[in-house]
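The values are calculated or read from the model by the stated rules, or taken from the named source; none is laboratory data. Just so it is clear, the model here is predicted, and its values are computed rather than measured. Here the Cβ positions follow ideal geometry from the backbone for every residue, glycine too, while neighbour counts run over all protein chains shown. Side chains are part of the model used for accessible areas, which takes the heavy atoms of the whole protein and leaves out ligands, DNA and RNA. Shrake-Rupley method; radii C 1.70, N 1.55, O 1.52, S 1.80 Å.
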Amino acid sequence: MSERDVVAEASDGFAARYGHDADGVWSAPGRVNLIGEHTDYNDGFVFPFAIDRRTAVALGARGDRMLRVASTFSDEVIEIGIDALAPDAVSGWSAYPLGVAWALGEFGADLSGVTGVDLFVASDVPIGAGLSSSAAIESAVALALDEHWGLGLDRPTLAKVGQLAENRAVGAPTGIMDQSASLLGEQDAGVFLDCRSLDAEVIPLGFDADGLALMVIDTKVEHSHATGGYSARRASCEAGAAAMGVGSLRELEVSDLERAASVLDDETYRRVRHVVTENARVLDTVRTLREIGPTGIGPLLDASHVSMRDDFEISVPELDLAVETAQAHGAIGARMTGGGFGGAAIALVTDALVPVIERIVRAAFAERGYAEPVIFTVRASQGATRER
């Protein structure tokens, strides 16, 4: 499905559901994290880029104080009064758009005088693949409501709004990377984000000029950030920082790992080692792109996967197979991406190798008896925008 299709689907869906045309349509992309996994909530560095898979939100004004949301992926229409908005008052998929409406107020927006809206959501960002379909919804809705209600919030603040909605309304303890990528992304460029200062720099990737594509291999192994492993990894990082006497793992350098090994138990040490070395890999990736170009970042992608597999222990056999198969058949570099415990792997490859690696990966999954993966390429794309 193309970006145009999603915008039309949101616009047409709005008209069919609510009986009149929308006043506007906004869209925001999902993201791939090129490198920098589980560093965001440790005040570290991340380097994602917005992708050419998007979520579109059509909006229509109402004369009362009600909010209604509908979508292509649910038959229900959820409604709530603006004055009733609260993190525990929304649930299910509607927590993403309605959580954003609540979070805007938490960031100083005066919602006492605004009128309600009807929203309709359509998306072609794959759900559960680690491509942040959630942030795409949050970012599109945040931009739409900010413009419609005349709130005047800047994009870094809207990223914080989306993160708060995900943390409090959805209940997923994620960092700010996903929303930042969705709101700040540019064509054929990545967003180098310092998650402590929230300074963001757009760094050219050079994939297009070098004839490179980023393959996404969605293993179809489902994961959930709101439960289990993600929360446990975050708790381990906080415990490691406390034991090392620092406010966050961002404050540790690779040279501190020798002391960490003597202070921490083995599991906590390995969690900490992943975050510390991953921060270094992000900085090395940005420097390599500037000095050498994208063909030089392969070893950093490969090392990131090993660290997530062995130290952070968030990979699964399907992800390992996707990565190892791509590496063995000509990928410049490959790694799992996203929060882990399922989702997708990425492989940086020449355009000519895309069909070859796709065929071999599919055969490898079939041989192991795994579910057939969904494989596609993504290009670095423009961030959230008003479409019409």
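Screening Phe14 against (1) over 25 Å from the mean Cα position of the chain (by Cα); (2) surrounded by fewer than 21 Cβ atoms within 10 Å (Cβ to Cβ) leaves a single unmet condition, (2). In the range 132-142, the condition of being over 30 Å from Ala366 (Cβ atoms), of a type outside the set (Ser, Thr, Tyr) and in a loop (DSSP other than H, G, I, E, B) is met by no residue.
Taken over the range 142-163, residues that are of a type in the set (A, V, I, L, M, F, W, C) and under 22 Å from Leu193 (Cα atoms) amount to 6. When the range 159-207 is examined, which residues are found to be of a type in the set (Gly, Ala, Ser), buried (at least 24 other Cβ atoms within 10 Å of the Cβ) and within 18 Å of Phe107 (Cα to Cα)? Within the range 159-207, Ala159, Gly162, Ala165, Ala169, Ser180 meet the criteria. Is it true that some residue in the range 49-67 is within 30 Å of Ala344 (Cα to Cα), touching a His at 6+ places or on another chain (Cβ under 8 Å) and not acidic (Asp, Glu)? Among the residues of the range 49-67, not one is within 30 Å of Ala344 (Cα to Cα), touching a His at 6+ places or on another chain (Cβ under 8 Å) and not acidic (Asp, Glu), which makes the answer no.
Conditions (1) in contact with a Phe, Trp or Tyr (Cβ under 8 Å, 6 or more places away or on another chain); (2) over 30 Å from Val272 (Cβ atoms), marked per residue:
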position	(1), (2)
Leu301	no, no
Ser315	no, no
His329	no, yes
Ile332	no, no
Gly339	yes, no
Leu353	no, yes
Ile357	no, yes
Arg362	no, yes
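Being polar (S, T, N, Q), touching a Gly at 6+ places or on another chain (Cβ under 6 Å), within 24 Å of Pro48 (Cβ to Cβ) and not in a loop (DSSP other than H, G, I, E, B) is a property that holds for Thr288. Can you confirm whether the range 83-93 contains a residue that is of a type in the set (Ser, Thr, Tyr), in contact with a helix residue (DSSP H, G or I) (Cβ under 6 Å, 6 or more places away or on another chain) and at negative phi? Scanning the range 83-93, I find no residue that is of a type in the set (Ser, Thr, Tyr), in contact with a helix residue (DSSP H, G or I) (Cβ under 6 Å, 6 or more places away or on another chain) and at negative phi, so the answer is no.
What do you reckon, is Asp178 of a type in the set (Asp, Glu), assigned to a loop (DSSP other than H, G, I, E, B) and at negative phi? The answer is no for Asp178.
Please determine, by comparing only the residues of the range 316-342 that are of a type in the set (S, T, N, Q) and modelled with pLDDT of 95 or more, which one is least open to solvent (accessible area, probe 1.4 Å). Taking the candidates together, the pick is Thr325.
The residues of the range 246-262 that are over 15 Å from Arg196 (Cβ atoms) and either of a type in the set (Ser, Thr, Tyr) or open to solvent by less than 70 Å² (accessible area, probe 1.4 Å) (or both), listed by number, are Ser255, Asp256, Leu257, Ala260, Ala261, Ser262. Filter the range 143-158 down to residues that are among the charged types (D, E, K, R) and assigned to a helix (DSSP H, G or I) and give me whichever is surrounded by the fewest Cβ atoms within 10 Å (Cβ to Cβ). Filtering first and then ranking leaves Glu147. I'd like to know if the range 228-242 contains one or more residues that are touching a residue at least 12 places away in the same chain (Cβ under 8 Å), under 30 Å from Pro126 (Cα atoms), touching a strand residue (DSSP E or B) at 6+ places or on another chain (Cβ under 8 Å) and among the small types (Gly, Ala, Ser). The answer is no; no qualifying residue exists.
For the range 99-112, the count of residues that are modelled with pLDDT under 95, within 24 Å of Met336 (Cα to Cα), open to solvent by 20 Å² or more (accessible area, probe 1.4 Å) and not hydroxyl-bearing (Ser, Thr, Tyr) is zero.
Scanning the range 223-238 for residues that are more than 14 Å from Phe312 (Cβ to Cβ) and modelled with pLDDT of 95 or more gives a single hit, Glu238.
For the range 222-237, the condition of being in contact with a His (Cβ under 7 Å, 6 or more places away or on another chain) and surrounded by 17 or more Cβ atoms within 10 Å (Cβ to Cβ) holds for at least one residue. On the stretch given as the range 366-384, residues that are touching a Lys or Arg at 6+ places or on another chain (Cβ under 9 Å), open to solvent by 70 Å² or more (accessible area, probe 1.4 Å) and closer than 29 Å to Leu158 by Cα total 0.
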